[in-house]
Structure formats: C-alpha cells, structure tokens
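Reviewing the structure listed below.
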Amino acid sequence: MLRTHTCGALREGDIDQQATLCGWVDSIRDHGGVLFIDLRDYSGITQLVIHPEDAAHAFEIGESVRNEFVLSVDGAVRARPEGTVNTTIPTGGIEIGVDKISILSKSDPLPFGLSDDIATDESTRLRFRPVDLRRARLQRNLRTRARVFAAIRESMADQGFVDVETPTLIRSTPEGARDYIVPSRQSVGAWYALPQSPQLFKQLLMVGGLDRYYQIARCWRDEDLRADRQPEFTQLDVEASFAQGDDVRGWIEEAMVAAFTAAGRGDEVQAPFMTMTWQEAMDLYGSDKPDLRAGPPIVDVTSVFGRTEFRAFAATIESGGAVRGWCMRGGGDRGRSQMDRLVERAKELGAKGLVWLVVEPDGSLRSPVARFLSDDEVGALKKSLGAEPGDLILLAADEPRLCSQVLGHLRLELAAPAGHSPEATLAPLWVLDFPLFESSATGEPTPAHHPFTSPILEDLDKLETAPLEVRSAAYDLVINGVELGSGSERIHDAVLQERIFETMGMASDEIHARFGFLLDAFKYGVPPHAGFAVGLDRLAMIILDEPSIRETIAFPKTQTGADLLTGAPAPIDPRQLVDVGIAQIPEA
C-alpha cells in the first residue's frame, strides 16, 4: 500500500508514530511562512503542517500545491498545540508534521465546490460526476447502499435462498413497459431484449428444483422517467417453491429489517408490517401506494347525509354517488383565500367542487354551507371524522373512486413533512389483492402486474366474462408513499396460463411462439411458487431520505435518459449498423 493510514484514522493514541497518508488537498493555509494543508480521503481529513526550517524541500513542494492535488506525505503524528484542537472532526486532536511530500497528481480548478451546502445545477454535477462523487453526501450514500446490499445478501442466504444469475440477453416478453432491444450480428433481423426483470427465468428455476432463489439483478425498462425511476435499475429478485404470499412477505420483511438496521435505522421498522387490500387503499387513501404518515384516512360519510336538505349532496347520493371526507388536524387556521385555492385545486383534480368546514372552539362549523346542515348532521360528521376544534374538514361528493382520489391528492399536498406523524418516520405497508387486469387503451384487458400472476381462485369463474373484476394474488410493498416492490403467487398450471394469455387477446400461435418454452417447461411438474422484487435504488432513496434515486446511484441518467458524463445515447458508426442488418431512416 502507498499509505499506512487513511486520512480519518489517526487519533491521540497514535502520537509519535510515523505515518504515510495519501489523499486530495481539501484546503491550504499559509500562516506566517508555515503551511497548513487539510488532506482528505473517503474516511475524513487530517491536518498537515510543514515548517520550512524542518523540511525545506517539502515546504518548497507544498508552496506549489493547489486544492484537489493528490498528495503522498510522510511525517510524525503529534498533538495539536493547546487552543488549536478541532472538536468538530474525529482527527481534530492530532496533526502530521510533514517530513516528505510528493505530488501524485495535479488538478485543474474544479467546475464546482465540493461542500454539500453549495447549490450546483444537477446537469453540471452529472456531467462531472467523478468530481461530484467526492462530495461527503455521495460518499455516504454509496457506502450506505453497499452496506444495505451486503445485509440483504446475508439475510437471504440465512433464510436458505440461493444466489443465481439469470441472462441479460433474452427474448422480448410483456412486462408492462417497453423493452430495450439489442440486434444480433449472428442472426441478422432477429433481436434480443434486455430484461425488465428475471421473471420467467426465476419461475423456470422453480421448475428446476432450486426451491429458493434470489438475485440482486440489473433490469432495464424503456419508460418515462421521474425522481424514483431510471432506465436501468437494480432490484432484489426473489422466488420460492411451495410458498404462498404470506411466506414471501415474511422473508422480505426480514431482509428489509436487516437493510434498515445496516443503515442505522433498524429501530424505525418492526415486522410484521401493516397490511390492507387494494380496495381499502383506494377507498381510504385514494391511492394504491398510500403514505400512512400524512394524517388520518378518508372516511365515507354518505350515511351522515342520507336525509340531508343540502341539495348538492342529496342529488349526488340519489344518483348513486358518495360523500367522502377527510379531516386535517389543526388545519382550520387557513384564511378564506386559502380555502378558495383548495376548492380550485379540487376542480383541477377532476372534482365538481369541494366543501370545507372549520371546527370552531365551541364545536360549531364555520363554512359557506354550514347553514344547510342540521345539528344531527354536524354531530355525526364530526364523530365520523374524529374532528376536534381547530381542525379542517374537506368533503367531496361524486363517484366514490373520484372522491377518494381527489381527497387523497389534497391529503398529500396539505401534509408537509412537518405535519407527518413524528412516531411514524418510516411507515411500511403491504397492499394486497390487486385487480388481475386493467383496461388498456384499446379496451382489452392488460395485466395490472404481469401475465404470470395467479388469479384469486374464487374469482376464476369471472375470467372470461368479467376479467376486470378478477382479483389477483398480488402484493406490493409501500413505504412512505413509494412503491418499493411488487410480487405475487404465480400461475403454475399451463392451461390456466394459456387462458390468461387468451384473455389478453393473444392468439394460440402467438402464445406458443412467444411463450412455448415456458408452457413446455410447465409440462414436467411445476411446484406452486411465489415471489417478489424490491427496487433497491428506491430502498436506498428511502433509507437515506433523499428526494431522488439519482442521489443513490454512482452514474445515473437524467430524466430524459441521457448520460451526461459519456454523452450516451449517441450516434453509432454506420459500419456497426451494417454488421447487424440495420438501415437508419433519415429524419424527415
């Protein structure tokens, strides 16, 4: 090694030792002919002191040093003089009296400062990512991510799972997003796809008797990007034979607790996690990935207004609609203009309107519609929502799903982080029993998760007649309003799998052309199996309390999928296109 210690390792117990350090120059100070250099590496900072009378040659070199030069220094560890101890850093009690210094590499002025409190445009940071990675924030994030991954691997191995790699050049299969496709030079006109997940291969591993599989897998999806989505991402992929959803969720919970513990947040998560059905989530929170921290749930108060004289509510109920409400604790201090903005926001979200009511200190309600409500309705409404003086009540009257969606949006928008429940900094939740299908743009049923998800057997008789009413044995893990992963019990019967494909509108020849290898494997004894996949970039984002997964990935892409560091995607040599039989169409 070129060094005996890292820059954050030395302490008072090392005084009088000789040490060799290597690192980057964090700062330089000339105090009356004595040079002070702070040398930095991933572990911390050590102060170097160079006296010209003690080390003339080292002093001469030191005078030519600039910030971010890479140095090697030799010297004795000594105590800092009285009154100069820096209590803000672990090495603040010592310094190195430099005998020898070598410049290993010089540096141009950096494109931006490395302090975490210096605001820098993200595109500049991504363009100069190797420099950005020197920041303490990204050093912390990537090292925490590595500890989390190691803890997950250990947890899965301890639970009897076998780490198996699956191919990254596969046949294109429907997984819910567009594939990234790869041409083949050896089979011109034929294409590989990069896997959106190892779904089919992990199911085939169950056919092969592996029993319990896991992989920290690289996946690719060509879809619109956002703060918690990248075109290439990493997931914990899990599958187990002779297992049901409850089993899988228990294994995943153990791995998640291990991950949070490795990051120092183990006291914030306790297994088992809370569960609710998809229907409950949509009714109570207006979302299939509810953030449990953002205040109480939405409540159906239609029965409160069963005989109401308030015509807006009465007409909605008569036409088969619903009245739903949400109570914001302590939210009644808003002025009239703020209330009006809430009404306009509800309309932007699709509602016909919004009713607001403030609970006054005497228990009465202040609202433009208060005079239309009876005392019995006021009492029942406050009781249903648990409303107290100072609270704000919001009511929506419309189609039930729309009511919950609008109130769910407002609930999240009004619940700023400071309003989140302090005892629920992490709120993990399992959402169960998703619909098996949703309606596609063409009106045909399309899988809500993927076509290998098992229906709930008691709904199987609706598969051909009412496919959108069929529930699936699927489950999502949601933490703080972020969908962390999805899983399900799988179809292990070839006949049922073909029925699913047919419900999707696939013809028999297409089914066997695209999935014959899977259906053939299902002829030879398939164990019931279930699995799950956790988005590890999102997990790291939550653990580190970052606003974007780009802050937890070493070399991320922008929201348009661009790699600003390397310039990808970029034009390619036309000769490479000829090799794979591709003709590039000129732009119109």
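The values are calculated or read from the model by the stated rules, or taken from the named source; none is laboratory data. Everything numeric here is computed off the predicted structure, so don't read it as measured data. Because the Cβ atoms are built from the backbone with ideal geometry, glycine has one as well, and the counts that use them run over all protein chains shown. Surface accessibility is based on the protein's heavy atoms, side chains included, excluding ligands, DNA and RNA. Shrake-Rupley method; radii C 1.70, N 1.55, O 1.52, S 1.80 Å.
Numbers below:
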item: Some residue of the range 526-549 being assigned to a loop (DSSP other than H, G, I, E, B), under 27 Å from His449 (Cβ atoms), hydroxyl-bearing (Ser, Thr, Tyr) and in contact (Cβ under 8 Å) with a residue 12 or more places away in the chain; result: yes
item: Options Ala193, Ala157; residue that is under 25 Å from the mean Cα position of the chain (by Cα), buried (at least 16 other Cβ atoms within 10 Å of the Cβ), small (Gly, Ala, Ser) and over 26 Å from Glu551 (Cα atoms); result: Ala193
item: So Pro428, is it buried (at least 21 other Cβ atoms within 10 Å of the Cβ) and at pLDDT below 95; result: no
item: Test for Ala397: is it closer than 22 Å to Asp283 by Cβ, modelled with pLDDT of 95 or more and open to solvent by 20 Å² or more (accessible area, probe 1.4 Å); result: yes
item: Among (1) more than 19 Å from Val534 (Cα to Cα); (2) at pLDDT below 95 - the single one Val207 does not satisfy; result: (2)
item: Those residues of the range 574-588 which are closer than 23 Å to Glu232 by Cβ and assigned to a loop (DSSP other than H, G, I, E, B), in sequence order; result: Val580, Ile582
item: Qualifying positions in the range 196-216 - small (Gly, Ala, Ser) and either buried (at least 21 other Cβ atoms within 10 Å of the Cβ) or in contact with a Leu (Cβ under 8 Å, 6 or more places away or on another chain) (or both); result: Ser197
item: Subset tally (residues that are of a type in the set (A, V, I, L, M), under 18 Å from Ile456 (Cα atoms) and under 34 Å from the mean Cα position of the chain (by Cα)) for the range 495-546; result: 4
item: Positions within the range 465-482 being assigned to a strand (DSSP E or B), surrounded by fewer than 23 Cβ atoms within 10 Å (Cβ to Cβ) and either in contact with a helix residue (DSSP H, G or I) (Cβ under 8 Å, 6 or more places away or on another chain) or modelled with pLDDT under 95 (or both), in sequence order; result: Arg471, Val482
item: Of the criteria (1) farther than 19 Å from Ser548 by Cβ; (2) surrounded by 15 or more Cβ atoms within 10 Å (Cβ to Cβ), which one Val162 fails; result: (2)
item: Enumerated helices (runs of 4 or more DSSP H) restricted to the range 104-223, each holding at least 1 residues that are within 30 Å of Thr446 (Cα to Cα); result: 199-207
item: Those residues of the range 434-474 which are hydroxyl-bearing (Ser, Thr, Tyr) and touching a residue at least 12 places away in the same chain (Cβ under 8 Å), in sequence order; result: Ser439, Thr446, Thr453, Ser454, Ser472
item: The listed residue being open to solvent by 30 Å² or more (accessible area, probe 1.4 Å), basic (Lys, Arg), out of contact with any Pro (no Cβ under 6 Å at 6 or more places or on another chain) and over 20 Å from Ile298 (Cβ atoms), out of Arg336, Arg345; result: Arg336
item: Residue check, Ile500 in contact with a Leu (Cβ under 9 Å, 6 or more places away or on another chain) and within 30 Å of Arg147 (Cβ to Cβ); result: no
item: All positions within the range 555-588 that are in contact with a Lys or Arg (Cβ under 6 Å, 6 or more places away or on another chain) and loosely packed, with under 11 Cβ neighbours inside 10 Å; result: none
item: Matching residues, the range 236-262, being under 20 Å from the mean Cα position of the chain (by Cα) and surrounded by fewer than 18 Cβ atoms within 10 Å (Cβ to Cβ); result: Glu254, Thr261
item: Enumeration of residues in the range 483-505 that are open to solvent by less than 10 Å² (accessible area, probe 1.4 Å) and assigned to a helix (DSSP H, G or I); result: Gln497, Ile500, Phe501
item: The lone exception for Trp220 - which of (1) open to solvent by 40 Å² or more (accessible area, probe 1.4 Å); (2) touching a residue at least 60 places away in the same chain (Cβ under 8 Å); (3) of a type outside the set (D, E, K, R) it fails; result: (2)
item: Every residue from the range 11-36 that is without any contact (Cβ under 8 Å) to a residue 40 or more places away in the chain and buried (at least 19 other Cβ atoms within 10 Å of the Cβ); result: Leu35
item: Residue count, the range 185-217 (criterion: aromatic (Phe, Trp, Tyr) and either touching a residue at least 24 places away in the same chain (Cβ under 8 Å) or within 18 Å of Arg490 (Cα to Cα) (or both)); result: 3
item: Pairs, first within 23 Å of Asp362 (Cα to Cα) in the range 329-344, second among the hydroxyl-bearing types (Ser, Thr, Tyr), C-beta under 9 Å, six or more apart; result: Met339/Ser367
